[in-house]
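Below is one structure; the comments refer to it alone.
The values are calculated or read from the model by the stated rules, or taken from the named source; none is laboratory data. Note that the coordinates shown come from a computational prediction; the quantities given were computed from them, not determined experimentally. When we count neighbours, we look across all protein chains shown, and the Cβ atoms used for this are built from the backbone with ideal geometry, even at glycine. Ligands, DNA and RNA are stripped out before the accessible areas are found, and what is left, the full protein with its side chains, is counted by its heavy atoms. Shrake-Rupley method; radii C 1.70, N 1.55, O 1.52, S 1.80 Å.
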Amino acid sequence: VVFMSHILEHVENPINLLRFCNKSLRPGGVLILSLPNEQGLIHYKHPYFTNDGNHLYAFTEDNTKELLKYTNFEIKQFFYEYNTSLSTQLHLDNIFKLIDYMPHFVRRKMAWAHWSIAQKK
């Protein structure tokens, strides 16, 4: 298993890193990847991709799926993350669970991050 949480957007060559991960895994190995959601509403208030060198790349659901496919991974599961430390402190986590029952375009906009669980082909 390779686990990367909010790493890929900081590296100069995400394709090379994902290829390295793929080579490092045994056949059927799993990559767990978390990235900021460039399409989330929170991005408009606090942009992830700011041209200041912190985040070199911005990832959406679509380009993440394409990137994983291109680097020889098969996505087994994709989901959004809504909860933050602030929402937990405010006891809003149960309210956010309701978002999972809303249409896809709502879930995509409400998420601050997304997760991919992918398997080496």
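Observations on the model:
- Of the residues THR71, HIS114, LEU98, the one whose Cα sits farthest towards the positive end of the charge dipole of the chain is THR71 (charges of +1 on Lys and Arg Cβ, -1 on Asp and Glu Cβ, taken about the Cα centre).
- Pairs of Lys residues in the chain, spaced 8 or more positions apart or belonging to different chains, with C-alpha separations under 12 angstrom: 7 in total.
- Contact order relative to length of the chain, as percent, for alpha carbon pairs under 8 angstrom and 6 or more apart: 38
- For the chain, the Kirkwood hydrodynamic radius from C-alpha pairs, put into Stokes-Einstein at 10 °C and a viscosity of 1.306 mPa s, yields a diffusion coefficient of 105 µm² per second.
- Charge tally in the Cβ shell below 15 Å around LEU92, where Lys, Arg are +1 and Asp, Glu are -1, LEU92 excluded: -2
- Å² of accessible area per residue within the chain, as computed with a 1.4 Å probe and no ligands counted: 62
- Cβ-based net charge around PRO27, under 11 Å, with every Lys or Arg adding one and every Asp or Glu removing one: +3
- With every protein chain in place, region 3-121: carbon and sulfur % of accessible area (1.4 Å): 58
- Length gained on full extension, VAL11 to VAL30, computed as 0.36 nm times the residue gap minus the Cα-Cα distance: 4.8 nm.
- Antiparallel DSSP beta bridges within the chain, percent to nearest 5: 80
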